[in-house]
1. For region 165-208 and region 14-85, compute the distance between their C-alpha centroids and round to whole Å.
2. Looking at the chain only, what percent of DSSP beta bridges run antiparallel? Nearest 5 please.
3. Taking R0 as 30 Å, what FRET efficiency do you get between T206 and E313 from their Cβ-Cβ distance, rounded to the nearest 0.05?
4. Using +1 on the beta carbon of Lys and Arg, -1 on that of Asp and Glu, and nothing else charged, what's the dipole of region 41-153 about the Cα centre, debye to 20?
5. Which lysines, if any, have their Cα less than 26 Å from the Cα of K9, not counting same-chain residues under 8 positions apart?
6. Kirkwood Rh over alpha-carbon pairs of region 41-170, then Stokes-Einstein at 10 °C and 1.306 mPa s: what D in µm² s⁻¹, rounded to an integer?
7. Which FRET efficiency value, to the nearest 0.05, is calculated for A321 and R112 with the Förster distance at 22 angstrom and r the Cβ-Cβ distance?
8. When the Cα centres of region 122-160 and region 243-275 are compared, how far apart do they sit, in Å?
Amino acid sequence: MILYILKGKDHSSLKEKLKSSSASFKFLNLYGKELALAWPDSAVEGITDESVELVVKTKKSYILAGNEWKKDPTVVKVKDVEIGSKRVVVAAGPCAVESEEQTETVAKAVKRAGASLLRGGAYKPRTSPYSFQGLGEEGLKILRKAGDETGLPVVSEILDARDAGAFAKYADMVQIGARNSQNFTLLRDVGKLGKPVLLKRGLGNTVEELIQSAEYVMMEGNGNVVLCERGIRTFEKSTRFTLDIGGMVAGKLMTHLPFCADPSHPAGKRELVHSLALASVAAGADMLLVEVHPRPEVALSDSEQQLTPESFELLMERIKALASVLGRSA
Ligand code: PEP
Ligand code: MN
């Protein structure tokens, strides 16, 4: 791949040259820069143009998400919340939005404890079709209302591009779940939506594959992507998934994008969530995604791993203490 960083908006002569070559190409704007991507390298050999400020070539499988052209860490803004700067951002809320009362109760509790974003699934990817599938658009509306009442921006998972309109209307950040991490048409569609994206790693994907998935979103001109380590499938059964802290640390060196860690899904049991959350912060996570339910024992999904509001409050205190030791805040 070749990335041309352009001097200004006029790229007509470069476009003509690329058109008359056999290259595939795409012009886009990312982080305020005009860019042109072209591939494969062999097809663009020798193409130069006066509109080009810098040419970046890579042998890697990704370029937009990589740090060969962009050295400064990207800060993703969700309303006024900045992910990827000094502050460790905590998103918390129920696995699934179940009712107005449940969502409002938990929203108030996580806000009080110091969370910056409210999470809640309205469209739930369940292994069994007989399990609770989420409230759909009604769930998004409930989440939006709870977010507005508490002043917390909201993040929720999209399963199907046909729901993009509802996400445009009600969500501040769009989550792509582990099961859709390589749903390439959905990635492109979510890229086009233009909202900040929380992109989870697939259960069987490498860190490099996760970064390539981010590349799909970014190719649509959306650079506001937060990568999320949420555990992978391994032979180990003592946790629900294996939280790949090492993979997250390595991933942070491969990209300028910020990293989130989800300690809840790999834990599978609430007893493990604090330790996995703290380990993630110690290893450099810029954001945490934590499941909290007012009464986890009656939750309609992921009942065993959701924290009570009291336990979340204690976790926030511990995160704040650790962040300050690390020269960060929370
Ligand atoms: C979730 O965050 O509720 C979720 C379904 O996560 P994952 O895609 O990581 O399983
Ligand atoms: Mn869940």
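1. After rounding, the separation between the Cα centres reads 21 Å.
2. Details: 21 of 48 bridges.
Close to 45 percent.
3. Details: r = 36 Å, r/R0 = 1.20.
Once the sixth-power term is evaluated, E becomes 0.25.
4. Working: 18 positive and 17 negative charges, 116 e Å.
Dipole magnitude for region 41-153 comes out near 560 debye.
5. K17, K19, K26, K33, K57, K70, K71, K77, K192, K195
6. Details: Rh = 17.7 Å.
Stokes-Einstein gives a translational diffusion coefficient of 90 µm²/s.
7. Numbers: r = 18 Å, r/R0 = 0.81.
Working from the Cβ atoms, E equals 0.80.
8. Comparing the Cα centres of region 122-160 and region 243-275, I get a distance of 22 Å.
Here, each number is a calculation from the coordinates, and none is a lab measurement. This structure is a prediction, so every number in the text was calculated from the model and none was measured. Note: ideal-geometry Cβ built from the backbone for every residue, glycine included; neighbour counts use all protein chains shown.
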